[in-house]
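See structure below.
The values are calculated or read from the model by the stated rules, or taken from the named source; none is laboratory data. As the structure is a computational prediction, the values presented were derived from the model and not from experiment. Reconstructed Cβ throughout: ideal geometry from the backbone, glycine too, with neighbour counts over all protein chains shown. The area values use the complete protein model at the heavy-atom level, side chains included, leaving out ligands, DNA and RNA. Shrake-Rupley method; radii C 1.70, N 1.55, O 1.52, S 1.80 Å.
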Amino acid sequence: MRRLSTVVTALLGVAMAPWGCSSPPPPTSSLPGKLAVESSGSVALVSANAKEVSVPAAAPPQEGQTQLPKPDPDDGSGTLLVYTAITGQQDPFGSSSSRAGPTDPARWTAEGEESRGRSLEAQIEEELRRQKLAVEGLDSELPEPPASEPLVTGESVAERANPRMAPDAPKERELPLSVFAMETVTIPAGTWDNQTALQVTRGVLDADRDGVPEQIRYFDPKSKQLLRSEQDSDYDGKLDIWSTYADGKLVARVLDTNADGKPDVWEQYDADRMTLRTIDRDQDGVPDAFYVYGGDLLVEERHDANNDGVIDRKITYQNLFRERAEEDRDLDGNMDVWTYYGVSHGKEVVERVEQATKGSGPPDRIETYDTSSGKSQLAKLEEDRNGDGTIDVTSRYENGKLVQREISDPDLAPL
């Protein structure tokens, strides 16, 4: 019966797992739907073999037996023919004359055999039915995937899953001191930004005893409070997380996320919440993204796209929503685009965009948007065409179409 499942899988081009086994991925094809099925080499193979095989009529049921349900002629009537053409066997379940005798301990009961056969036949029928739906283009009947969660406001999903919420400070796994090899060491001044030398207790954990510690912890000799920890989080033999504690609480953490031996993430914490996260996104050794948190919320992010040490994009937030963004699009050191946001129908929308098209100076192009529908739709465009600091052209829009244009400078008409 496993062989029958394999045969039907090869013919249908769809993986089947009638007994709960993991299904292999379906074969890829550049032909959609019916064309992919008709182009399969299995069709030609079945046609060739089917010409040489005659299927005997099924024996009538014996008294007391329950006959298997007849397959739908439009969906799966060819299942037995397909099996016979490929394997040369005429009865995948075994004829009544070839079954084990009543005294054979491996003999199926009539009820179990009937149920097993009916289950296989039903699964074959179901797979053929699904194939037929695909060929006929009835995919629309399948349920649509669930919609993604809207922007978090603190009510719909867990706040900690929202990137605009300040992450909690990660907790150090509690381990008994007995698993560490303890010793007293002196930390020279300046090693941990300490002004004077420190005498601390160091605990080394080498669980696999390969000579390379998975974790090193430093404790205050008197209070036994944790001062610092160093971890090899991916167990590659290299330390990649360095954490600093004050009064037993995490205050700073440095990470090497790509195992190149150089830090690329710097974090600061206060009262068990993140206050600042700095990232070297292109991992060239220069921090280029900065996220600032106030209380529980993200309040500002800054970016340096060309690693020149000058911020070229800045975004401020208010209650989880963007409030204002500034950009230096030509990377000349001057902000030249200002975007203002609002909230409509519970969604973050663009209300106004100001741009200095010459790269510096005051804005000479101002776009105002209608957000009453919950979407941003251009309503007015103001332009200073001659650069004198005064708006020369005002264009008004309705439903995305220009309906009126006012020109205050005669030298600009006609546009």
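Output the strands (runs of 3 or more DSSP E) that fall wholly within the range 241-354 and possess 3 or more residues being among the acidic types (Asp, Glu), or say none.
Numbers: elements: 241-246, 249-255, 265-270, 273-279, 289-294, 297-303, 313-318, 321-327, 337-344.
Result: 321-327.
Please find, among Tyr235, Tyr245, the residue that is at positive phi and among the hydroxyl-bearing types (Ser, Thr, Tyr).
Unique residue meeting the criteria: Tyr235.
So, in the range 260-277, how many residues would count as being in contact (Cβ under 8 Å) with a residue 60 or more places away in the chain, surrounded by 15 or more Cβ atoms within 10 Å (Cβ to Cβ) and touching a Lys or Arg at 6+ places or on another chain (Cβ under 8 Å)?
Counting residues in the range 260-277 that are in contact (Cβ under 8 Å) with a residue 60 or more places away in the chain, surrounded by 15 or more Cβ atoms within 10 Å (Cβ to Cβ) and touching a Lys or Arg at 6+ places or on another chain (Cβ under 8 Å) gives 1.
Taking into account only those residues within the range 234-244 that are free of Cβ contacts under 8 Å to residues at least 60 places away in the same chain and open to solvent by less than 40 Å² (accessible area, probe 1.4 Å), which is nearest to Asp210 (Cα to Cα)?
Asp240
Go through the range 183-202 and give me each residue that's acidic (Asp, Glu) and touching a strand residue (DSSP E or B) at 6+ places or on another chain (Cβ under 8 Å). Before the answer, list the steps.
So in the range 183-202, the residues acidic (Asp, Glu) come out as 183, 193.
Scanning the range 183-202 gives a single hit, Glu183.
Exactly one of (1) within 23 Å of Ala305 (Cβ to Cβ); (2) within 32 Å of the chain's Cα centre (by Cα) is unmet by Lys358. Its number?
(2)
Being among the hydroxyl-bearing types (Ser, Thr, Tyr) and modelled with pLDDT under 95 narrows it down to one residue among Thr339, Thr357, Thr316; which is it? Quick ask: steps written out before the conclusion?
Numbers: Thr339 fails: modelled with pLDDT under 95; Thr316 fails: modelled with pLDDT under 95.
After applying the criteria, what remains is Thr357.
Specify which of the listed residues (Arg209, Arg277, Arg202) is farther than 27 Å from Asn319 by Cα and in contact with a Phe, Trp or Tyr (Cβ under 7 Å, 6 or more places away or on another chain).
Arg202
Select from the range 303-341 the residues that are in contact with a strand residue (DSSP E or B) (Cβ under 9 Å, 6 or more places away or on another chain), over 16 Å from Thr357 (Cβ atoms) and either aromatic (Phe, Trp, Tyr) or surrounded by fewer than 14 Cβ atoms within 10 Å (Cβ to Cβ) (or both) and list them in ascending order.
Scanning the range 303-341 gives Tyr317, Gln318, Asn319, Phe321, Tyr340, Tyr341.
Is there a residue in the range 295-309 that is under 26 Å from Ala271 (Cα atoms) and touching a Pro at 6+ places or on another chain (Cβ under 9 Å)?
Scanning the range 295-309, I find at least one residue that is under 26 Å from Ala271 (Cα atoms) and touching a Pro at 6+ places or on another chain (Cβ under 9 Å), so the answer is yes.
Taking the stated definitions as given, is Ser408 over 38 Å from the mean Cα position of the chain (by Cα) and either closer than 20 Å to Asp328 by Cα or without any contact (Cβ under 8 Å) to a residue 12 or more places away in the chain (or both)?
When the stated conditions are applied, Ser408 does not pass them.
May I ask you to list the residues in the range 216-240 that are in a loop (DSSP other than H, G, I, E, B) and either of a type in the set (Asp, Glu) or farther than 23 Å from Asn194 by Cβ (or both)?
Asp220, Asp232, Ser233, Asp234, Tyr235, Asp236, Gly237, Lys238, Asp240
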